1. Criterion first (outside the structural domain of residue 452 (by TED's automatic domain parsing), crowded, with 17+ Cβ neighbours inside 10 Å and not in a helix (DSSP H, G or I)) does residue 238 satisfy it?
2. Tell me the residue from 132, 181 that is surrounded by fewer than 18 Cβ atoms within 10 Å (Cβ to Cβ) and at negative phi, please.
3. Condition first: at pLDDT below 90, surrounded by fewer than 17 Cβ atoms within 10 Å (Cβ to Cβ), assigned by TED's automatic domain parsing to the domain that holds residue 501 and among the small types (Gly, Ala, Ser). Can you find one or more residues in segment 291-307 that meet it?
4. For segment 6-75, which strands (runs of 3 or more DSSP E) that fit wholly inside it have 3 or more residues that are assigned by TED's automatic domain parsing to the domain that holds residue 214 and without any contact (Cβ under 8 Å) to a residue 60 or more places away in the chain?
5. Pull up segment 161-202, narrow it to residues that are in contact with a His (Cβ under 6 Å, 6 or more places away or on another chain) and in a strand (DSSP E or B), then point me to the one that is nearest to residue 300 (Cα to Cα).
6. Being surrounded by fewer than 17 Cβ atoms within 10 Å (Cβ to Cβ) and among the hydroxyl-bearing types (Ser, Thr, Tyr) is the requirement here; does residue 276 meet it?
7. Identify, by number, the condition in (1) crowded, with 18+ Cβ neighbours inside 10 Å; (2) under 24 Å from residue 297 (Cβ atoms); (3) without any contact (Cβ under 8 Å) to a residue 24 or more places away in the chain that residue 156 doesn't meet.
8. Can you name the condition, by its number, that residue 151 falls short on among (1) in contact with a helix residue (DSSP H, G or I) (Cβ under 6 Å, 6 or more places away or on another chain); (2) assigned to a helix (DSSP H, G or I); (3) of a type outside the set (Phe, Trp, Tyr)?
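The values are calculated or read from the model by the stated rules, or taken from the named source; none is laboratory data. Note that this is a predicted model, so its numbers are computed, not measured. Cβ atoms come from the backbone with ideal geometry, glycine included; neighbour counts cover every protein chain shown.
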Amino acid sequence: MSDTAKKTAVPAIELQHLTKTFGKITANDDVSLSVYHGQILSILGENGSGKTTLMNMIAGIYYPDHGQIFVDGKEAVIRSPRDAFRYQIGMIHQHFKLVDVFSATENIVLGLEEEGRYNLKRSEKRVREISEQYGFEIDPSRKVYEMSVSEKQTVEIIKVLYRGADILILDEPTAVLTPQETEKLFSILRRMRDDGKAIIIITHKLHEVLSLSDQVAVLCKGRYIGTVNTAETNESELTEMMVGKKVTLNIDRSEPKDPKPRLDVKGITCKTREGSEILHNISFTANSGEILGIAGIAGSGQRELLEAIAGLQHVEGEILYHDPKSGKTENLRDKTPLEIRELGVRLSFVPEDRLGMGLVGNMDIVDNIMLRSYKKGRGFFLARKDPRALAEQIIKDLEVATPSAATPVRRLSGGNVQKVLVGREIAASPTVLMAAYPVRGLDINASFTIYRLLNEQKERGVAVIFVGEDLDVLLELCDRILVISSGQISGIVDARQTTKEEIGLLMTRSSAAQAAHTQKGGAADGAEQTHA
């Protein structure tokens, strides 16, 4: 019997009755599960279900209050990441921990104790051997600041393999990858599985779970619900296991009704303080009663584009808003952010630091909801509806987990803070709603709730601009998709007719090819292209 075959007779990792608490909060409650060598296991669960805490105990970042961890059948005591590496466990975090001015190889060997004198050429040779073995594409001498997001992720994966990891944990590995990069990563992970590695993945994307993993383990409110074979389950069953009830996973996209131009963006250019262009000659139209999606690799200019419309970035060009109430056309470029908001143009941007975008941590939910509209004792919420009643409605509709509407926002989990942030803007009855990453990090149930709310806004005649990371959702939710690459529009496509592959190609299109692409086909105002 081979070494790999021997290993599969016992679990690579076996957790028995793991419990972890933080004060009065129980993050993991008596969790027992296993993953074997030569297997890919996905961990699924709602926000706050304890997925990351559980993986952090395996990786040595947290130590369990109760329970045992077994590696290859023997009990393991893992008190630090160094201990985890001693048991051949490596975790690739969602946010990379790399030194920008170092090369790939220097980052890979950083902090590693090697026998004899440090030899960069020898290390580069080993990096190339690992790359060839699994199909990675990486230049070992390239500096990290010159790399794409997928290349940085490759460095992180090779880093744990270089240290001898036999058990790999990946936290949301596809969050910032194009479809082509995702498929390439999956191909590498399957090769690693076939080589006998045990791989654990945390992801919110159910279609990825079904296409990649061999088994799925489900957590709900910190407790282990069960493990199922991927080939014998489906999205509905997995969602029901996660939330404890049946959930409809359909995005009911209606046809736009009487769409009219609400926002005309004409040739806007945005520069940094140093003078380099973040956005170059951006032109498009956002229509009422329509959801316009924006797709692009992280850092392509999506944030700056929405901030420009909201008056938070200085730009050249025109941003023409056709006010449905007054019938007037206003150039938003000449207005302050407050004036733009009062016209009904709302921005809900969900960053990594959710408390950094207009929520005050020490204030409760009611006060945070009033915050945007409260002015001189009067405001939208005060005039239209009791703020407390509105807060209670948002808590109910978005299923915000909170003791009450009087709870300070800083005491809520990140996902629940996010629901308050998005719900506040939707509740303001905007005429243009810009929602950037509104479901980032949310579980499937909460995500579909927000998709339905965006659809409701569309059906009320709102022009919705949706920036998302999941291309499957963009294709199902949006009417048109604007693709941005390196600060330029590389195409605007019909979401009902296009494919993930086409969008992926547009996301990585070079500047030279963009000009030729924009010349093809029909274009609105000479700038907008729609593929049939």
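1. no
2. Numbers: 181 fails: surrounded by fewer than 18 Cβ atoms within 10 Å (Cβ to Cβ).
The match here is 132.
3. Yes; the residues of segment 291-307 include at least one that is at pLDDT below 90, surrounded by fewer than 17 Cβ atoms within 10 Å (Cβ to Cβ), assigned by TED's automatic domain parsing to the domain that holds residue 501 and among the small types (Gly, Ala, Ser).
4. 13-22, 66-71
5. Per the stated criteria, the residue is 171.
6. Criteria met by residue 276.
7. It fails just one condition, (3).
8. Result: residue 151 fails condition (1) only.
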